[in-house]
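Okay, structure first, notes after.
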């Protein structure tokens, strides 16, 4: 065990009004509900749940003269929780794997990681006979439920920002009898407790992503998409358009993606660091210290900074990944939501269509309905195909500048396909029309065929988008076939430009190109 105690008088923290209200409401349950009641408390990230439950622990021990156990899922969270409890004057002990248990009677509160505690309980090395309250931090992680059986007579209080189970086969209503919903994000923003988010969404084609056994996109398919040159360029451009010069945290799905992001920003001349779970403790501390003190720092990471990481000076969050987890979505954005000095707004840049999937951060969600009927909520989430069918492709800003003489850069593949088939023409004619449209765009902004061929290369991302839409129209979307179509399209566009440049130029400008 790791011992932590304090000889100071109670320091504590003065609770905000809504925190005090929540505490009173929870204490009403302690007094009125059965002693084995399971209550789930929802409060947004940044709402101060550790402060609230630290005061709950202090007051519970004082009022009911029983012991308290706080469960976390990571060692860093155990240490942070223990430190906060000390600030509230609660003498506590962290249960770790090196369990020396001869002084348990000296403590009224224990903090433990779930796996470690389970092992100690199975070894019968922890006395839990006098624990009246179990607080479960980040309660949506259902690894906690495996030790509920040891606490049949204790009141269990789960705390989470999103009352949606991380395991869809184990809904939260099976482990908690009631959900108590705290303040909304919107109310916390209006009351100046949280910063408001400026949201920017960049449409991304995600149909190449695969979903794994955990219900979220696989690292492998995410890395294939997010490490390609077009996506890295899109990321850097998005940063420059929305967050340049701001302290920025970038979330990725995969270590290799984060490393590629690091190199892309480094090459562009920006101050950036990469952090993942393979870094040593010393390296992690050094990187986070640098991030804290450097005003325009960029930190690219995987999902290790979603919980237990607090850097209020963050001014921009970039979601350089897609997720199907509402909890992860809120955790990532929540890292930027702290009020800090003059900061009362922050930027959120979405490169994973997450806004389309879950709605804007801070939207009014029906947590009670989600708690009671999680399947109803999950089934209503739009698929990537449905989301992307509503997109209108926009050229990236740097590419758009190269085509500034073109008034019409939009090509509605679905409409052109329907009109072409209705006219009795072959589906191949649709691609020919698209190539003709792209050729006009290239010629409009060129002085000679060499300029046009250079511009055609800049259209790679849009060509891929058009082909993906075309493949959906003809219902042939095997990976190899679509890859072949994209390659064939590029070749045909180049051939079309070489063969017809002079003719297209004269049609547009009314005279042949100058020799």
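The values are calculated or read from the model by the stated rules, or taken from the named source; none is laboratory data. Treat the numbers as computed from the prediction; the structure is a model and nothing was measured. Here the Cβ positions follow ideal geometry from the backbone for every residue, glycine too, while neighbour counts run over all protein chains shown.
Inspect segment 201-209 for any residue being within 30 Å of residue 16 (Cβ to Cβ) and modelled with pLDDT under 90 and give the result as yes or no.
Looking for residues that are within 30 Å of residue 16 (Cβ to Cβ) and modelled with pLDDT under 90, one finds none in segment 201-209, hence no.
Assess whether residue 115 counts as being more than 24 Å from the chain's Cα centre (by Cα) and under 24 Å from residue 327 (Cβ atoms).
Taking the combined requirement at face value, the residue satisfies it.
For segment 290-331: of the residues being touching a helix residue (DSSP H, G or I) at 6+ places or on another chain (Cβ under 8 Å) and assigned to a helix (DSSP H, G or I), which is surrounded by the fewest Cβ atoms within 10 Å (Cβ to Cβ)?
Going through the qualifying residues, I end up with 303.
Scan segment 145-163 for residues that are over 19 Å from residue 35 (Cα atoms), buried (at least 22 other Cβ atoms within 10 Å of the Cβ) and touching a helix residue (DSSP H, G or I) at 6+ places or on another chain (Cβ under 7 Å) and jot them down.
Scanning segment 145-163 gives 161, 162, 163.
For segment 225-241, which positions are under 15 Å from residue 321 (Cβ atoms) and out of contact with any helix residue (DSSP H, G or I) (no Cβ under 8 Å at 6 or more places or on another chain)?
228, 238
Would you call residue 346 touching a residue at least 60 places away in the same chain (Cβ under 8 Å), crowded, with 18+ Cβ neighbours inside 10 Å and either assigned to a helix (DSSP H, G or I) or not assigned by TED's automatic domain parsing to the domain that holds residue 328 (or both)?
Against the criterion (touching a residue at least 60 places away in the same chain (Cβ under 8 Å), crowded, with 18+ Cβ neighbours inside 10 Å and either assigned to a helix (DSSP H, G or I) or not assigned by TED's automatic domain parsing to the domain that holds residue 328 (or both)), residue 346 does not qualify.
Does residue 97 satisfy the condition of being touching a helix residue (DSSP H, G or I) at 6+ places or on another chain (Cβ under 7 Å), under 29 Å from residue 373 (Cα atoms) and surrounded by fewer than 20 Cβ atoms within 10 Å (Cβ to Cβ)?
no
Working only within segment 396-429, note down all residues that are within 40 Å of the chain's Cα centre (by Cα), more than 30 Å from residue 239 (Cβ to Cβ) and surrounded by 15 or more Cβ atoms within 10 Å (Cβ to Cβ).
416, 417
Taking segment 267-289 on its own, how many of its residues are touching a helix residue (DSSP H, G or I) at 6+ places or on another chain (Cβ under 7 Å), outside any loop (DSSP other than H, G, I, E, B) and modelled with pLDDT of 95 or more?
3
Does residue 349 qualify as being over 22 Å from residue 174 (Cα atoms) and in contact with a strand residue (DSSP E or B) (Cβ under 6 Å, 6 or more places away or on another chain)?
So residue 349 passes the test.
Anything in segment 214-242 that is over 16 Å from residue 352 (Cβ atoms) and in a loop (DSSP other than H, G, I, E, B)? List them, or say none.
Matches in segment 214-242: 214 only.
Going by the structure shown, is residue 378 surrounded by 13 or more Cβ atoms within 10 Å (Cβ to Cβ), without any contact (Cβ under 8 Å) to a residue 12 or more places away in the chain and outside the structural domain of residue 412 (by TED's automatic domain parsing)?
So residue 378 does not fit the description; no.
Give the number of residues within segment 349-377 that are assigned to a helix (DSSP H, G or I) and more than 20 Å from the chain's Cα centre (by Cα).
6
Checking residue 15 against (1) more than 29 Å from residue 174 (Cβ to Cβ); (2) surrounded by fewer than 19 Cβ atoms within 10 Å (Cβ to Cβ); (3) at pLDDT 90 or above, which test does it fail?
(3)
Considering each of 462, 432 in turn, give the residue that is surrounded by fewer than 18 Cβ atoms within 10 Å (Cβ to Cβ) and in the same structural domain as residue 419 (by TED's automatic domain parsing).
432
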